[in-house]
Amino acid sequence: MRQILCQYVFSSLLKSTMRSHTYIDSLGSARMMAQVLDGKALAKDVKDELKTKIQNWVNLGHRAPSLRCIIVGDDPASHTYVRNKIAAAKYVGIDAETIKYDVNMSEVALIEAINALNADDEVDGILVQLPVPQSMDERKVCNTVAPEKDVDGFHIINVGQLSLDMPTIVPATALAVIEMLKRFKIETFGRDAVVVGRSKNVGMPIAMMLHSDKKHDSGLGMDATVTICHRYTPKEKLDFYCRNADIIVTATGIPSLIKADMVKPGATVIDVGITRVTDEVGNTKLVGDVDYEEVKKIAGAITPVPGGVGPMTVAMLMHNTFQAAQNLRDKNLQ
Ligand code: ADP
């Protein structure tokens, strides 16, 4: 028994050693530093793989997959996101275009524009950059995009299929988190996970895949035991659940919400939050939900912001667009 225990402790130590590197703390002791899960490098790999697959698809005689990004209004952050998506699309060989509308566009006109793209056989993927202007009903807009062209995975049918563990188009940020856990070989089977944030586009689909059964049709289940925390989770409970977790995924947009004393040594911390903050001298920078420098000294693995989940989200959107192109081909074959 003691021998088994020793072996277990040794192999756990070995695993965390492989994942981390050491640093010397202020008292001169050697400590482990988390493995940084480099989303930017991984996104490049994913896009390169996709580029090859798309090239093969085109070589078989198909036209290049196509994506249309609709943006209403002039929110600078939204325009930056769309520019990044278009650049990634071009890189992998997707024919991509931005369709810009004035902030005063009516909901009826937007719905007409989406319906025209739905009916266009030359268009595989459609996304409407959120948020739409306040005058519009976001749910109605998302439900207008044809489910098989809905590369954001926000249509009620795609959300329903995801909830039933059926193959579907999964929201790109959630898919990015799952893909990172898989590719960095973070064990989730039977582990405790906490998702901080319960938004329908991010926190909910992440929790949905983390808890579900890998053997089900989607193949995306991660078999973890999942706790979902949100704005009404009392602070002491948030601390308690996070401290117990082997995997923390946070998506709140609150800088430094997750502090080092909330993290179990060796845990994996995935930071989905992206907030632009301004320092005392007026410089702006992007930060996540995690107190990165401190948590890095406790966690076993951690995603940086920027350069973590963000670039992988864009890569997974390209994956979804290629999937939409294949969906359309299958539909036309029927
Ligand atoms: P996104 O769509 O990017 O996930 P939202 O702003 O829609 O972002 O969602 C933020 C989420 O963060 C909400 O689910 C909210 O309940 C959660 N949240 C906000 N404050 C806290 C907090 N103090 N502790 C835990 N979760 C929080």
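The values are calculated or read from the model by the stated rules, or taken from the named source; none is laboratory data. Being a predicted model, the structure only gives us computed values, none of them experimental. In this analysis, Cβ positions are derived from the backbone assuming ideal geometry, glycine residues included, and neighbour counts consider all displayed protein chains.
Brief remarks on what is shown
- Within segment 212-242, the residues that satisfy the criterion of being within 11 Å of the ligand (Cβ to nearest atom), exposed (fewer than 14 other Cβ atoms within 10 Å of the Cβ) and either of a type in the set (A, V, I, L, M, F, W, C) or assigned to a helix (DSSP H, G or I) (or both) are 235, 237.
- When restricted to residues that are of a type in the set (S, T, N, Q) and touching a residue at least 60 places away in the same chain (Cβ under 8 Å), segment 191-231 contains 1.
- Of all residue pairs spaced 6 or more apart or on separate chains, those with beta-carbon atoms under 9 Å, a first member in segment 275-289 that is surrounded by fewer than 10 Cβ atoms within 10 Å (Cβ to Cβ) and a second member that is not β-branched (Val, Ile, Thr) are 278/285; 279/285; 284/276.
- In segment 137-153, the residues that are in a helix (DSSP H, G or I) form Cβ pairs under 8 Å with partners that are at pLDDT below 95, at six or more places apart or across chains, as follows: 148/327; 148/328; 148/331; 149/327; 149/328.
- Filtered by the rule that a residue be in contact (Cβ under 8 Å) with a residue 40 or more places away in the chain, aliphatic (A, V, I, L, M) and either in contact with a Lys or Arg (Cβ under 6 Å, 6 or more places away or on another chain) or in a helix (DSSP H, G or I) (or both), segment 72-95 gives 77, 82, 88, 89, 92.
- For segment 308-332, the tally of residues that are under 11 Å from residue 50 (Cα atoms) and of a type in the set (S, T, N, Q) stands at 3.
- Close pairs from segment 99-121: first in a helix (DSSP H, G or I), partner among the small types (Gly, Ala, Ser), Cβ under 9 Å, at least 6 apart: 107/135; 114/146; 115/146; 117/146; 118/146; 119/146
- Filtered residue count, segment 150-162, keeping only those that are within 16 Å of the ligand (Cβ to nearest atom) and among the small types (Gly, Ala, Ser): 1
- Residues in segment 243-259 that are outside any loop (DSSP other than H, G, I, E, B), more than 11 Å from the ligand (Cβ to nearest atom) and without any contact (Cβ under 8 Å) to a residue 60 or more places away in the chain: 243, 244, 248.
- Selected residue (criterion: surrounded by the most Cβ atoms within 10 Å (Cβ to Cβ)) from residues of segment 163-203 that are part of a strand (DSSP E or B) and within 12 Å of the ligand (Cβ to nearest atom): 195
- Qualifying residue in segment 313-330 (condition: surrounded by fewer than 24 Cβ atoms within 10 Å (Cβ to Cβ), at pLDDT 95 or above and of a type in the set (D, E, K, R)): no
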